[in-house]
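The values are calculated or read from the model by the stated rules, or taken from the named source; none is laboratory data. Since the structure is predicted, the reported quantities are computational estimates derived from the model, not experimental observations. Cβ atoms come from the backbone with ideal geometry, glycine included; neighbour counts cover every protein chain shown. Accessible surface areas use protein heavy atoms only, side chains included; no ligands, DNA or RNA. Shrake-Rupley method; radii C 1.70, N 1.55, O 1.52, S 1.80 Å.
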Amino acid sequence: MSRRRRRNDWIPGAVITIIVIMLSVVFMGLLAMTKMIPTIYMLIIGIVLAVIAAIIWLLVWHTRYTGRFIGGTVLAVIMIAILAFGGFYINKTRSAISNISGETTEVTQMAVYVKSDDAADSVEATAGYTYGILSSLDRENTDGAVAHLNSQFGTEVQTKEYAGLTELADGILNGEVNAMLLNSGYLSVYEDMDGYTDFSTKIKEVGTVEVESTIQSAEESTPVEPITTAKVYTIYLSGIDTRGEMTAKSRSDVNIIATVNTDTHEILLVSTPRDYFVPLSISGGAPDKLTHAGIYGIDVCMDTLGMLYDIDINYYFRINFGGFVKVIDALGGITVNSDYDFDSKNILGYHFNKGENYLNGEQALIFARERYAFQEGDRQRGKNQMEVIRGVVKK
């Protein structure tokens with residue numbers, strides 16, 4: 001019996017070592033799935049785990065060496081705990097990244113407008129109306145909305161095309177068409193047009209049509225150098241002024257360019273105020289508010305800023321108010337540094353201290369949106385928005 005026990009005294013050590021090796025493999029697999037760790041670091045981590053597994057095996061390979069076996073078992077337990085704990089949080093991180101970047105569709109709200117004194121009070125009541133639509137701008141979503149109305153009414157909707165926003169507005173006001181179909185985000189553009197600042201008071205919205213479109217995947221889009229290999233890459237960070245579902249086109253109130261240098265491990269953040277008048281990429285050189293670029297789509301925002309700064313923007317990250325709050329709350333809140341002691345001017349009237357402030361999602365949103373409390377206005381708001389980004393990175 002004694003001799004048999006000695007022949008089998010390697011089995012407990014083998015089981016312990018196999019468990020450590022299996023957890024190490026799972027851990028490395030989860031790290032690889034995040035696609036966030038450079039290959040050289042993956043290699044180093046793999047070598048370290050292999051060395052630790054070898055040390056554990058040398059300590060536990062025979063139970064008759066009691067001291068070594070106990071020491072190896074303790075080391076194995078510590079490693080198992082670290083790998084299990086680390087693997088759990090890496091998987092949570094991977095899931096969070098997947099949820100953030102895994103959207104495959106986006107929704108555009110196309111609104112149906114009639115004159116303010118029109119009797120229609122719903123989309124259904126406009127059946128039989130002639131609709132004014134834009135001939136080229138946002139045509140894909142317009143066609144999608146028209147198709148939806150055709151299905152809803154059971155007949156083909158009559159449309160009249162207009163070259164631009166002013167022509168479309170004149171068409172409905174002059175009675176050339178009974179209604180107009182327009183991306184709801186475009187309505188605010190009229191406020192900055194001479195002769196049309198009160199246009200929104202002359203029409204009313206009777207309903208909306210949701211148009212869902214598929215977001216082009218990275219594999220389907222024009223290839224650019226992968227983040228994992230590029231030494232320097234640029235990301236456009238866009239914050240849109242909506243809550244709820246992400247809409248395909250909406251004003252971009254946050255316009256921050258992040259340039260990342262993977263050699264120096266530095267990130268340069270540049271904020272451009274939303275109300276700056278700049279030539280939009282589709283305007284033929286005519287200046288317009290930067291925030292309006294978002295109404296024409298994320299590509300117009302990226303191209304406009306690329307023209308302004310003479311750079312290539314490789315990627316974008318787009319988020320709305322609701323998504324912003326969820327991200328901050330998912331982190332358990334963040335710490336930001338405020339340049340001033342101030343009270344926000346919104347309805348909640350939240351107070352921020354000069355120096356460090358620990359904020360939840362809604363408080364961070366108020367901090368990032370406030371501008372009326374500062375003499376520098378939108379410039380200080382841009383600084384605070386970049387401070388929020390620093391708080392997220394640190395957390």
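Filter the stretch 112-127 down to the residues that are farther than 17 Å from D170 by Cα and either in contact (Cβ under 8 Å) with a residue 24 or more places away in the chain or part of a helix (DSSP H, G or I) (or both) and list them by number. Write out each step before concluding.
First, pick out the residues of the stretch 112-127 that are farther than 17 Å from D170 by Cα: 119-127.
Passing the criteria: A120, D121, S122, V123, E124, A125, T126, A127.
For the stretch 344-368, name all the residues that are open to solvent by 70 Å² or more (accessible area, probe 1.4 Å) and at pLDDT 90 or above.
The answer is H351, N353, K354, E356, Y358.
So how many residues does the stretch 59-76 have that are part of a helix (DSSP H, G or I) and buried (at least 16 other Cβ atoms within 10 Å of the Cβ)? First the steps, then the outcome.
As a first pass, look at the stretch 59-76 and keep what is part of a helix (DSSP H, G or I): 59-60, 66-76.
This time we only want the ones that are buried (at least 16 other Cβ atoms within 10 Å of the Cβ), so: 59-60, 68-69, 72-73, 75-76.
Going through the stretch 59-76 one residue at a time, the tally reaches 8.
Spot the failing condition for G207; the list is (1) in a strand (DSSP E or B); (2) at positive phi; (3) open to solvent by 20 Å² or more (accessible area, probe 1.4 Å), and only one is missed.
(3)
Residues L305, L269: which one is touching a residue at least 40 places away in the same chain (Cβ under 8 Å) and in a helix (DSSP H, G or I)?
Sole residue among the options that is touching a residue at least 40 places away in the same chain (Cβ under 8 Å) and in a helix (DSSP H, G or I): L305.
Sort out which residues of the stretch 125-167 are modelled with pLDDT of 90 or more, open to solvent by 50 Å² or more (accessible area, probe 1.4 Å) and closer than 25 Å to I298 by Cα, and write them in order of number.
The answer is D143, A147, H148, E161, E167.
Just give me the residues in the stretch 285-296 being open to solvent by 10 Å² or more (accessible area, probe 1.4 Å) and not in a strand (DSSP E or B), in sequence order. Step through it out loud before you land on a result.
Of the residues in the stretch 285-296, the ones open to solvent by 10 Å² or more (accessible area, probe 1.4 Å) are 285-289, 296.
Selection gives G285, A286, Y296.
For the stretch 329-343, does any single residue satisfy the condition of being open to solvent by less than 20 Å² (accessible area, probe 1.4 Å), assigned to a strand (DSSP E or B) and of a type in the set (V, I, T)?
Start the filter on the stretch 329-343 by keeping residues that are open to solvent by less than 20 Å² (accessible area, probe 1.4 Å), which leaves 333-334, 336, 338, 342.
The next check asks that each one be assigned to a strand (DSSP E or B); those that pass are 334, 336, 338, 342.
Remaining after also requiring of a type in the set (V, I, T): 334, 336.
Checked against the condition, which is being open to solvent by less than 20 Å² (accessible area, probe 1.4 Å), assigned to a strand (DSSP E or B) and of a type in the set (V, I, T), the stretch 329-343 yields at least one hit.
Residues are listed down the side, and each one gets a yes or a no for (1) open to solvent by 60 Å² or more (accessible area, probe 1.4 Å); (2) under 30 Å from V327 (Cα atoms); (3) in contact (Cβ under 8 Å) with a residue 12 or more places away in the chain; (4) outside any helix (DSSP H, G or I):
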| position | (1), (2), (3), (4) |
| --- | --- |
| D9 | no, no, yes, yes |
| P12 | no, no, yes, no |
| T17 | no, no, yes, no |
| L31 | no, yes, yes, no |
| W57 | yes, no, yes, no |
| A81 | no, yes, no, no |
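Does I52 count as open to solvent by less than 80 Å² (accessible area, probe 1.4 Å), assigned to a helix (DSSP H, G or I), modelled with pLDDT of 90 or more and not acidic (D, E)?
Working: open to solvent by less than 80 Å² (accessible area, probe 1.4 Å): yes; assigned to a helix (DSSP H, G or I): yes; modelled with pLDDT of 90 or more: yes; not acidic (D, E): yes.
Against the criterion (open to solvent by less than 80 Å² (accessible area, probe 1.4 Å), assigned to a helix (DSSP H, G or I), modelled with pLDDT of 90 or more and not acidic (D, E)), I52 qualifies.
Name every residue in the stretch 189-204 that is open to solvent by less than 20 Å² (accessible area, probe 1.4 Å) and not hydrophobic (A, V, I, L, M, F, W, C), in order of residue number. Spell out how you get there, then give the answer.
From the stretch 189-204, those open to solvent by less than 20 Å² (accessible area, probe 1.4 Å) are 189-190, 199, 203; that's our starting set.
Scanning the stretch 189-204 gives a single hit, Y190.
Can you tell me which of (1) touching a residue at least 60 places away in the same chain (Cβ under 8 Å); (2) in a loop (DSSP other than H, G, I, E, B) is the one V254 doesn't meet?
Every condition holds for V254 apart from (2).
Name the one entry in D138, D192 that is on the phi > 0 side of the Ramachandran plot and either aromatic (F, W, Y) or touching a residue at least 40 places away in the same chain (Cβ under 8 Å) (or both).
Details: D192 fails: on the phi > 0 side of the Ramachandran plot.
Of the residues listed, the single one that is on the phi > 0 side of the Ramachandran plot and either aromatic (F, W, Y) or touching a residue at least 40 places away in the same chain (Cβ under 8 Å) (or both) is D138.
Just to be sure before I move on: is E212 part of a strand (DSSP E or B) and at pLDDT 85 or above in the structure I sent? If you could, list the steps in order and put the result at the bottom.
Details: part of a strand (DSSP E or B): yes; at pLDDT 85 or above: no.
Taking the combined requirement at face value, the residue does not satisfy it.
Would you confirm, using the coordinates I've provided, whether D299 is modelled with pLDDT under 90, open to solvent by 50 Å² or more (accessible area, probe 1.4 Å) and of a type in the set (D, E)? Steps first, answer last, please.
Working: modelled with pLDDT under 90: yes; open to solvent by 50 Å² or more (accessible area, probe 1.4 Å): yes; of a type in the set (D, E): yes.
Considered against the rule, which asks whether it is modelled with pLDDT under 90, open to solvent by 50 Å² or more (accessible area, probe 1.4 Å) and of a type in the set (D, E), D299 comes out as yes.
Test each condition in (1) surrounded by 11 or more Cβ atoms within 10 Å (Cβ to Cβ); (2) under 21 Å from A293 (Cβ atoms); (3) modelled with pLDDT under 85 for S221 and report the one that comes out false.
Failing condition for S221: (1).
Look through G71, G86 and report the one residue that is of a type outside the set (D, E, K, R), under 36 Å from the mean Cα position of the chain (by Cα) and at pLDDT 85 or above.
Working: G71 fails: under 36 Å from the mean Cα position of the chain (by Cα).
Within the list G71, G86, the selection yields G86.
Among the residues of the stretch 34-41, is any polar (S, T, N, Q), open to solvent by 90 Å² or more (accessible area, probe 1.4 Å) and part of a helix (DSSP H, G or I)? Don't jump to the end; show me each part of the working.
From the stretch 34-41, those polar (S, T, N, Q) are 34, 39; that's our starting set.
Those left that are additionally open to solvent by 90 Å² or more (accessible area, probe 1.4 Å): 39.
Applying the additional criterion that residues be part of a helix (DSSP H, G or I) yields 39.
Yes, the conditions are met somewhere in the stretch 34-41.
A quick yes/no check of all residues on (1) within 26 Å of the chain's Cα centre (by Cα); (2) basic (K, R):
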{"residue": "K345", "(1), (2)": "no, yes"}
{"residue": "E356", "(1), (2)": "yes, no"}
{"residue": "E362", "(1), (2)": "yes, no"}
{"residue": "F374", "(1), (2)": "no, no"}
